[in-house]
Structure formats: C-alpha cells, structure tokens
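The structure under discussion appears below in the form of structure tokens.
The values are calculated or read from the model by the stated rules, or taken from the named source; none is laboratory data. Quick caveat, the model's predicted, so the values are computed rather than measured. Cβ atoms come from the backbone with ideal geometry, glycine included; neighbour counts cover every protein chain shown. When the accessible area is computed, the model is the full protein with side chains, heavy atoms only, and any ligands, DNA or RNA have been set aside. Shrake-Rupley method; radii C 1.70, N 1.55, O 1.52, S 1.80 Å.
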Amino acid sequence: MKYAVTDEGYYGNFGGAYIPEMLYPNVEELRERYLDIIGQSSFQEEFNKLLKDFVGRPTPLFLANRLSEKYKASIYLKREDLCHTGAHKVNNTIGQILVAKALGKSKIIAETGAGQHGVATATVCALMGMDCIVYMGKHDMERQKPNVERMRILGAKVVPALSGSMTLKDATNEAMRHWINNPTDTHYIIGSVVGPHPYPDMVARFQSVISQEIKAQLIQEIGNPYPDYVIACVGGGSNAAGAFYHFINEEQVTLIGAEAAGKGVDSGESAATTVLGKPGVLHGSKTLLMQTADGQVIEPYSISAGLDYPGIGPMHAHLFETGRAQFMSITDEEAMLAGIELSRLEGIIPAIETAHALAVLDKMEFDKDDVVVINLSGRGDKDLDTYIKWGKY
Amino acid sequence: MENRLKTLFKKKSKNVLSIFYTAGFPTHKDTVAIAQYLEAAGADLIEIGIPFSDPVADGPTIQASNKVALDGGMTLPILLAQVKEIRKQVKLPIVLMGYLNPVIQYGVERFIKEAKAAGADGLILPDLPLVEFQTHYQSLMQAEDLCMSFLISPTTSEERIYKIDAASTGFVYAVSASSTTGAKGDFQPEQLAYFEKLSKLNMQNQHLIGFGIHDHQTFSKACEYGAGAIVGSAFISMLEKSNDLEKDIHLFVTRLKKGN
Ligand SMILES: Cc1ncc(COP(=O)(O)O)c(C=O)c1O
C-alpha cells in the first residue's frame, strides 16, 4: 500500500491540510467522518443505486477497432462520456452530495473549469433539493457557454471569478472564500483530487468505480483484469485517479497521465505541471505547483478549461515522484487533432480535456498484443465552440 | 534585548492598536515610510503582509493590494531588506504575516532566521498547520526568540483554542467573524457573545481581535473584550486613496483611537 494516503493525509511528500483556521473545523469534521459515512451500508446502497439508475453505470468498455488498427494494439475506451451529464465528474458529486446530507449541510458550493463539475454539482443539487452556487472563471464562462446555461437551467447560481487569469484556480479561490464566509450550513464539493485532506482521498474513492468496472469488464473481454496501459488526462487528476485506482499496486500496469502543454512546455503558455512545477502549497495541499522562484503561482494556460490549472493532485505528484506513473505533455494542437481523429475513426467527439489522453497514442510504440485502456473522461458537446474556432476539420 | 512583542504585552494589555498593511503597497518604496508614520501616529504594533498571488483568506481590498504589490515587483528578499531599513528608526514590534508558499520557497528555517536578524519580532503564517509548526519550527523559533501567533475563529472549539494558545507566543489572533478580511458594519450580537466567551477563557496569551475592525466604534468595542485590535483592510483602503501618506496615516490612527 505504498501509494495509499496516510492517516495524516500524505502521499509521500505531498498532501496534508494547509488551511487557515477559519476552514479548519469544516475540513476536520469531514476528515473525522468521511470514512465512516461512506463505509456505511446504507450509504453504499444509495450511492450505487444512483450510479446505476441516475448516472447510467456501469459505463461500457468499448473496443475501438479502427483506432486499434491504426495504433497497432487493442485499444479500449472507458466510456465515461456516457455518464449522465457527459463526464466522469458526476461520480464524485453523487458521492459528495450524500456526504453533505449525512453531515447535515443544506447548501452546496463548487468551483468549475470546463463547467462539467459545475453541471454535475448543479445536477445532484437539483436531484436532492439543495441550494447550489458554482464559481467559474469569467474566461471559462465565455469558452464553455453551454455549460453555464445548463447550470442555470438546473437552478444553480453561477458566479464569475474575476481575479487572476479568470480560470479554474481563481474559481477555486472564490469557492474557498465563500466557504470561509459560510462555514456552518455549506459543504464545498471540490471537483478533483485536489484541496486539503481528506478531499483528494475522498474524491479518488468516489471515482475509483471507473477502474473497478474496467477490471470486471476486462475479465469478460480478455479473461484478465489487468491491461498493459491505462491512459487518462490530468487536470487536477480525478478521472486519472479513478482510472488508476485499482491498478496502482499492480506494477505491471503502466499508468500514463496526459497533461496540457498548451502552446508548448517552453512557450510560457502551458499547464504541464510535472514539467514546470515544483513542490508548493496551494488550495490546501502540498503538491507540484507551477510557480515563480518567489513562490507566486504562475497563471497556467490550456485550450481546455478543465486542464487549465497550475497544480495536480498530491496523489499524482507522488505517482510522478516515485515514477509509478508517467506523465506526458500534450499541446493544444496535438489534442485537437486527436479529438478530430476519434470523431472520424470511432464516431465519438471527445471533450478537449479527454483529447489530450487520446493524443498520447501517437507518441507510443505498442506491441501488437498490448491491451490499452483510455479513460474517455467526457464528451465534446460543451466544446463545439472551441472545435469550430479551431476550424481544422 | 527582549522581544519587542513580549515587552509590549507586558506593559500594555488594553487598547493595543495593531495595523496591518501589505508590503509594497501602494508602491514598492512605501513599506518603510508607512512604518515610520505609523509609529509617529501612535500605533502599537505593525503587521506587514507578504504578498501572495492567491490570498484565499482575504477579501477584495487586501487581494487587490497583493496584486499591486506583486505587479510592482515586491518579493520576500526585498521585504526583509526593508524590515532592516525600518529597524534603523522604528522601535515598534514588527510581525510578518503571509501565506505559506512564498515562505516555503524561500526556505522556512532560513526565513525564520533572517526575519529575526532583520528585526522582526513575530510571524503569522495562517495556513501553516499547528502540528507541522510544532514538529519542525517551534524550537527554532524559541531559540531565535521570535514569536508565533496562530489564528482562532468563531468556529474553533474551546479545546482547540487552548491548544492554539499553548503553541502561540506574543499574542493570539482572534478572527472576529467567520469571514474573509474586510468586513464592514458593526459587530453582530453573536460576535459580541464570542468576544465575551474569549475574554473569559483562561488563555496564557493576550489576544487581539482582527477582521472587520474599520473605525473608532469597532476598534473600541473590540478593545472592551481583548487586549486590542488589528486593523487591515480599512487602513489599506485609506492608503489607496491617499495623496499624503504621512498626514493621512496620522489622521487615520488618531480617529481610530479617539473618534472624530
Ligand atoms: C471531460 C473532462 N475530463 C477531464 C477533466 C479534468 O479534471 P480531472 O483531472 O480532475 O479529471 C475535466 C474537468 O473539467 C473534464 O471536464
């Protein structure tokens, strides 16, 4: 279990809970209770029932024949894009809204980048009849307009974050400030494996259903639960955490995270944290962080709002430091081309975040009997504007 | 020489006025002068903020001052040099306050030693976990005779207040409300009840009440319950508008203490 979180919330050198006192009682309450709450059979029953009947799980594991032919390996797509709301994010929001109810909270806040987590949060709030406020960078509200309106239709209030580069980091700052100002009745549903302990572990547990299903589905498909590769994109790292979770201690499975290189890792407009980051503290945890020598956070850039974040979750920082997972940097251009390729070869338009994972294929040399699972974290409906603006199809 | 913060609280346990401002605001060169003007105007204690790109515990005023300071090129090494400069003339206790990340990049031990050498008397690092302080830095800070103030908030349990008090030296920073910095308006009854509760606890340290102290009324109310109070956002708003820092700082401090 050398990759598991410690009781104090550390993954190796990363993790912990670096928060001002105003947040301490809330985070501590969550830390003390989350394992008990999610371990209860009534919780598990309700969680699993909602995943099945509301989200539509299990999601298929699809053998992508034409993609397999092109890259000369057996390539499977884990179809998280078929989850209700269009991405893996809802696995976590279902879990956290049930935790919030168990904690007696009546209001929900969230941050969002691509808007998928915001939509997934607004959705479960509508389902459970809870008030919902979502913070979203103003820049992201512009590039993910359909998701802003989806949240509003679902009854959520969307508040623009106006500081910094007006993207995910700034939305997270605003959500944390809101929580400081509303500590008693509000639960903060963080959307990735980031934030103070216990969030990274809690979110990873809720997303771990992805790799749990992959194992069962691979037994059906190939008679063996272990693929040779699991590939996922990494913004904060929740879909990757879910796809890696049950394979982490199986060293024969190669784990690959795809980070957003933006316009190139040396361009000054990038979000490739494992290349450009150093250990630091942001949003409550110690992790790899893009920052200046003075410790000021560098504004990241990616064409995909969901990967446009200057850090990665502490679990991934640890997987990187130990070499257990490899991380690859994918440029905007490479991702867009991979997104178009999947559309043409398999009839699936992926989210641009997800397209970063697909772009890894072109950089790999597989053996022809390799089994490769790509976590198809979300669908591209929300990204049509970006595809259209990019134009090369 | 004894730590100036400890000396202050030995001599004075009522109406202590602490002023917080962001290093490098309104401009890079003002950090030193503001400290001098504050001493001349009659403040008791100076807290200087280390600017950070992502100040999550701060409201709009202090956020904006952080951004202006960083855009103006403010850094931790520059601030330490300025503290040295301040120390040539100013005798007031100086506390350096900041988010953890810039301090980590500088090196926490190195920062502790150099802050002390520059003439600082205390530190406040709101996102440094208590346990991490106790295991890694407490003995060094004791050896350097540098004080550490931790925050408590209205949602902090009594048991934890005592833990925080035991780890703190100099004073305990009592946040007045569940809020980010910069609240306006008068205190609510539940805040007064919280101040009352704090004043009856048997803490080893004096406590200063901060967040939302913005005029004579809120300052004197806070002083009824604690050893004094900390004014930040209101001071920074004044700096932002001022054309004559010396005169306006004098006026600001006088009004806070005496009313109009
Ligand atoms: C479809 C999709 N994939 C991936 C991500 C990145 O998040 P994470 O790294 O937490 O999976 C997002 C975030 O918005 C997303 O919408």
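Below is a table of values for the structure above.
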| quantity | calculated |
| --- | --- |
| Condition broken by A:Lys368, with the remaining ones in (1) of a type in the set (D, E, K, R); (2) within 13 Å of the ligand (Cβ to nearest atom); (3) surrounded by fewer than 24 Cβ atoms within 10 Å (Cβ to Cβ) satisfied | (2) |
| Filter result (buried (at least 20 other Cβ atoms within 10 Å of the Cβ) and either of a type in the set (Ser, Thr, Tyr) or at positive phi (or both)) within segment B:22-36 | B:Thr22, B:Gly24, B:Thr31 |
| Among (1) open to solvent by 10 Å² or more (accessible area, probe 1.4 Å); (2) assigned to a strand (DSSP E or B); (3) within 16 Å of the ligand (Cβ to nearest atom), the one test that A:His139 misses | (2) |
| Selected residue [open to solvent by 10 Å² or more (accessible area, probe 1.4 Å) and either among the acidic types (Asp, Glu) or at negative phi (or both)] from A:Lys101, A:Lys78 | A:Lys101 |
| Residue check for A:Gly347: free of Cβ contacts under 8 Å to residues at least 12 places away in the same chain and surrounded by fewer than 19 Cβ atoms within 10 Å (Cβ to Cβ) | yes |
| Failed item, numbered, when A:Ile303 is tested on (1) buried (at least 24 other Cβ atoms within 10 Å of the Cβ); (2) under 28 Å from A:Ile248 (Cβ atoms) | (2) |
| Per-region count, segment A:188-207, residues open to solvent by 10 Å² or more (accessible area, probe 1.4 Å) and either touching a Pro at 6+ places or on another chain (Cβ under 8 Å) or free of Cβ contacts under 8 Å to residues at least 24 places away in the same chain (or both) | 1 |
| Subset tally (residues that are under 27 Å from A:Leu282 (Cβ atoms) and either more than 10 Å from chain A (Cβ to nearest Cβ) or among the hydroxyl-bearing types (Ser, Thr, Tyr) (or both)) for segment B:128-146 | 9 |
| Scan of segment A:343-363 for residues that are in a helix (DSSP H, G or I), among the hydrophobic types (A, V, I, L, M, F, W, C) and more than 13 Å from the ligand (Cβ to nearest atom), ordered by number | A:Leu345, A:Leu361 |
| Helices (runs of 4 or more DSSP H) within segment B:125-225 that include 2 or more residues open to solvent by less than 40 Å² (accessible area, probe 1.4 Å) and in contact with a Pro (Cβ under 9 Å, 6 or more places away or on another chain) | B:189-200 |
| Any pair with Cβ under 7 angstrom, 6 or more apart, that starts in segment A:268-289 at a residue that is within 8 Å of chain B (Cβ to nearest Cβ) and open to solvent by less than 10 Å² (accessible area, probe 1.4 Å) and ends at one that is of a type in the set (S, T, N, Q) and not in a helix (DSSP H, G or I) | A:Gly280/A:Gln291 |
| Filter result (part of a helix (DSSP H, G or I) and more than 16 Å from the ligand (Cβ to nearest atom)) within segment A:166-193 | A:Asn173, A:Glu174, A:Met176, A:Arg177, A:His178, A:Trp179, A:Ile180, A:Asn181 |
| The one condition in (1) under 16 Å from the mean Cα position of the chain (by Cα); (2) more than 15 Å from the ligand (Cβ to nearest atom); (3) among the acidic types (Asp, Glu) that A:Glu334 fails to fulfil | (1) |
| Within segment A:231-316, strands (runs of 3 or more DSSP E) holding 2 or more residues that are among the aliphatic types (A, V, I, L, M) and within 11 Å of the ligand (Cβ to nearest atom) | A:254-262 |
| Condition met for A:Gly236 (more than 14 Å from chain B (Cβ to nearest Cβ) and open to solvent by 20 Å² or more (accessible area, probe 1.4 Å)) | no |
| Lone unmet requirement of (1) closer than 10 Å to B:Ala174 by Cβ; (2) open to solvent by 50 Å² or more (accessible area, probe 1.4 Å) for B:Lys258 | (1) |
| Test: residue in segment A:208-223 that is open to solvent by less than 40 Å² (accessible area, probe 1.4 Å), outside any helix (DSSP H, G or I), polar (S, T, N, Q) and under 28 Å from A:Arg31 (Cβ atoms) | yes |
| Residue match in segment B:13-21 (condition: open to solvent by less than 30 Å² (accessible area, probe 1.4 Å), farther than 24 Å from B:Ala177 by Cα and touching a residue at least 24 places away in the same chain (Cβ under 8 Å)) | no |
| Residue match in segment B:82-91 (condition: part of a helix (DSSP H, G or I) and within 15 Å of the chain's Cα centre (by Cα)) | yes |
| Index of the failed condition, A:Val159 passing every other in (1) over 30 Å from A:Lys215 (Cβ atoms); (2) more than 16 Å from the ligand (Cβ to nearest atom); (3) under 20 Å from the mean Cα position of the chain (by Cα) | (3) |
| Verdict on A:Lys49 being open to solvent by 10 Å² or more (accessible area, probe 1.4 Å), at pLDDT 95 or above, among the charged types (D, E, K, R) and in a helix (DSSP H, G or I) | yes |
| Looking only at segment B:95-105, and only at residues there that are touching a helix residue (DSSP H, G or I) at 6+ places or on another chain (Cβ under 6 Å) and among the aliphatic types (A, V, I, L, M), the one that is nearest to the other protein chains (Cβ to nearest Cβ) | B:Val103 |
| Number of positions in segment A:68-114 that are outside any helix (DSSP H, G or I) and at pLDDT 95 or above | 24 |
| Tally, over segment A:142-185, of residues that are within 14 Å of chain B (Cβ to nearest Cβ), closer than 18 Å to A:Ser304 by Cα, touching a residue at least 40 places away in the same chain (Cβ under 8 Å) and open to solvent by 40 Å² or more (accessible area, probe 1.4 Å) | 1 |
| Condition met for A:Thr292 (within 14 Å of another protein chain (Cβ to nearest Cβ), of a type in the set (S, T, N, Q) and closer than 22 Å to B:Ile104 by Cβ) | yes |
| Hits in segment A:115-136 (condition: in a helix (DSSP H, G or I), β-branched (Val, Ile, Thr) and within 14 Å of the ligand (Cβ to nearest atom)) | A:Val119, A:Thr121, A:Thr123 |
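Here is a yes/no grid of residues against (1) in contact (Cβ under 8 Å) with a residue 24 or more places away in the chain; (2) away from every other protein chain (no Cβ under 14 Å); (3) of a type outside the set (Gly, Ala, Ser):
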residue: B:Gln36; (1), (2), (3): yes, yes, yes
residue: B:Ser53; (1), (2), (3): no, no, no
residue: B:Ile78; (1), (2), (3): yes, no, yes
residue: B:Glu85; (1), (2), (3): yes, yes, yes
residue: B:Gly107; (1), (2), (3): no, no, no
residue: B:Lys116; (1), (2), (3): yes, yes, yes
residue: B:Leu125; (1), (2), (3): yes, no, yes
